[in-house]
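I have placed the structure first, in the form of structure tokens, so that the comments after it can refer back to it.
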Amino acid sequence: VRDKQVWVAGDLTYASYTDGRETSYLNCADSIGGFAVTRDGQRAVLGGRDHLLRTVEKQNVLSQLATGGGVTVVEPYTAPFAGALGQQGEEVFMYGTDTGEIGLVRFAPGGAGELELLWALRDEGESAVNCMVAYELSKDGINDIIVGRDDGRLQIFRPAGDPTRPAEAESKHDEPKGAERATLQFERSVGESIRAVQAGVVSQPGYDQIVLCTFSGNIVSFSTEALDEVEEGDKMQRSKAAVDADGKAEQMEQELARLQKQVDATRAKLEKAVRSSGGQVSSAGSGIGFRQLQVCARLSLTPGDACYTLSLEMPIAIHLAVLQSTIPFSLVDSER
């Protein structure tokens, strides 16, 4: 949403509105994984699960660019200074796919709306990209690319040189080499799927933080602050990390005590319901809510292994999974 303009996308449709009036509408052949809008709001870059990036203006598709997988994320790559975006009026976008590929694209010079691939980088684990954000962590005028993956990895990539110039290929038939244009600077696994990520100055003035949210709702933060330094004003001369850990432990103890009270109250209500109903208890009649657990299932093609990968995720530990299929299939060994 910008001022009076609104852009929306469903599973197969994209539309934009200005002051409540429809200004563009498009039906796509396959699901839309993500989209981003230009600074002037006249064009949009749609990422499709059919391995295509599309440039859309009103009802027209101006260009298409093939990717190495179904596109799951499209975000603007905005540099802090106009000079880092190359020529005046040039706009750069970053994308991620369900096969783990990330890349940068821009509108090719000439103003026709044609997309040009700057570079692409594949992931060895081929884990889907769920979220991306560009943020200047290094304070040198070039944004770093922060990536959250489906397998729980948080990655920070550092573009080399001018990230808006196309990487050179060995021949005109080869794709631009992503490894020569971006290097992995940081990687950490949080143990579950990352669903959202943002960066900025959050809780400590003068220090950048990366804040992410996981599938089960956990909020995790990474900071540029040196946490091994002694906390100012602490009588025990503890480090900042130790003070923070002690504070978290105290909060967890209070949270556990609150949860224990809830468990005791629910147990008492359940026992009362069992006694009054002769052993037959229903959630509707007893007033006890039995929460339906959310299950996230993903079936995606892994080209490197020539097979499909089925991923199941729940907010609690999974001890057993039962598979049922209407067609024959075989299970293959995997180290993941």
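Here are a few things to note about the model shown:
- Stretching the chain fully between residue 297 and residue 270 yields a gain of 6.5 nm (0.36 nm per residue, less the alpha carbon separation).
- The trypsin sites (Lys or Arg not before Pro) found in region 117-156 that occupy coil by DSSP, while having at most 13 further C-beta atoms within 10 Å, are 139.
- Amide H contacts for residue 23 (H built 1.01 Å from N in the peptide plane; partners 5 or more residues away or on another chain; cut-off under 5 Å): 16, 17, 18.
- Loop GluC sites (Glu not before Pro), region 98-145 (other Cβ atoms within 10 Å of the site Cβ: 10 or fewer; DSSP): 124
- Of the solvent-accessible surface of region 9-68, computed with a 1.4 Å probe over protein heavy atoms with every protein chain present, carbon and sulfur atoms account for 43 percent.
- Distant-in-sequence amide H partners of residue 202 (H built 1.01 Å from N, under 5 Å): 209
- Summed side-chain charge close to residue 154 - residues other than residue 154 whose Cβ falls under 15 Å, Lys, Arg +1, Asp, Glu -1: -2
- Along region 127-137 the Karplus relation, 6.51 cos²θ - 1.76 cosθ + 1.60 evaluated at θ = phi - 60°, assigns HN-Hα couplings of 8, 4, 8, 9, 7, 8, 8, 9, 8, 7, 7 Hz to successive residues, with x for each Gly and Pro.
The values are calculated or read from the model by the stated rules, or taken from the named source; none is laboratory data. What you are looking at is a predicted structure, and each value in this text was computed from that prediction instead of being measured. Every residue, glycine among them, receives a Cβ derived from its backbone with ideal geometry; neighbour counts consider all protein chains shown. Side chains are part of the model used for accessible areas, which takes the heavy atoms of the whole protein and leaves out ligands, DNA and RNA. Shrake-Rupley method; radii C 1.70, N 1.55, O 1.52, S 1.80 Å.
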